1. With the Cα gyration tensor of the range 229-306 in hand, convert its eigenvalues to equivalent ellipsoid semi-axes via √(5λ) and list them largest first in whole Å.
2. Separation of the range 184-239 and the range 252-326 by C-alpha centroid, Å?
3. Against the globular-protein guess of 2.2 N^0.38 Å, express the Cα radius of gyration of the chain as a ratio, rounded to two decimals.
4. How large is the helix-only mean residue ellipticity at 222 nm for the chain, computed as the sum of -39500 (n - 2.57) over DSSP H runs with n ≥ 4, divided by its residue count, in deg cm²/dmol to the nearest 500?
5. Picking from 64, 197, 291, which is most flexible by a Gaussian network model of the chain using Cα springs under 10 Å?
6. Identify which of 185, 213, 256 has the largest mean-square fluctuation in a Gaussian network model of the chain, with springs joining Cα atoms closer than 10 Å.
7. State the Cα centre-to-centre distance between the range 75-95 and the range 22-67 in whole Å.
8. Restricting to the chain, compute how many DSSP beta bridges are antiparallel as a %, nearest 5.
Ligand code: GLY
């Protein structure tokens, strides 16, 4: 029964950290927190935690949330000094009567909870921002400007967490197209049948300072209801936020849709609600209380990392709605 699924191949290492906990009877809540913490600490993941690309002012801000049920959820956003937003969010859930803390006060709350401050801006992210700031533009994430000339490493993405190697063309439909993109969203079910989920992100690269996306907002980047299922989203948060994407997917499962039917219907809602541009990507994963799960994306290139009794693997989604160029 235990299972952990997470967005993007870079999350394999997080799943692998969490798996021994799940395999030995540990809780899904601990597993999703540990999974995100591993990815937060990885300097080579440039869309989460240390290594995350900064906002337009050159400062990193981190967002995250964690959820067991509508009555047990927590969130922290716009953190500038603490590396693990999910751990801050868990303390909001467990030690306050609130759901969400933001900004400098969330950092001060984390201080009071004994969580250490740390530098969030990696040298590589700083250098990337310095290059970007000489000619600031809104990054078109479908073009992979900052990684032109990179290709997936030999053996495929995810093998050691490095997705890219230098000086080779990227393959059409490959995950590298969505470099800088995006959130780790992770869903787990433990041996007791408890569902939990968490999200962690540095948000959109070079965002307007103060911008917060879907990831830390309950119902948008993540939703978990033990009576219906769990879902999490990755990609352009602004597209998820307009349709309450994760809540919608879980509600559709509650109404009897399978995980893949629920995800496709949610992505269809996004497609019909916006004038999508080629750089728009949203992908989602969903998990039902009986362990059935699915992954789907608007466009090619998404991967889901899975860990269960059968081992660790990185898979293509079950459904992709749009061709790359539409
Ligand atoms: N999905 C992450 C964000 O838009 O910030």
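A short reminder: the numbers here are calculations on the coordinates, not readings from a lab. Quick caveat: nothing in here was measured; it's all calculated off a predicted structure. All Cβ positions, glycine included, derive from the backbone under ideal geometry; neighbour counts span all protein chains shown.
1. Values: eigenvalues 80, 38, 17 Å².
Largest first, the range 229-306 gives 20, 14, 9 Å.
2. Cα centres, the range 184-239 to the range 252-326: 13 Å.
3. Details: Rg = 17.8 Å, N = 326, 2.2 N^0.38 = 19.8 Å.
Compared with the compact-globule rule of thumb, the chain sits at 0.90.
4. Numbers: 8 runs with 88 residues, N = 326.
After summing the helix terms and dividing by the residues of the chain, the value is -8000 deg cm²/dmol.
5. 291
6. Most flexible of the set in this elastic network: 256.
7. Comparing the Cα centres of the range 75-95 and the range 22-67, I get a distance of 11 Å.
8. On the way: 49 of 55 bridges.
In the chain, DSSP labels about 90 percent of beta bridges as antiparallel.
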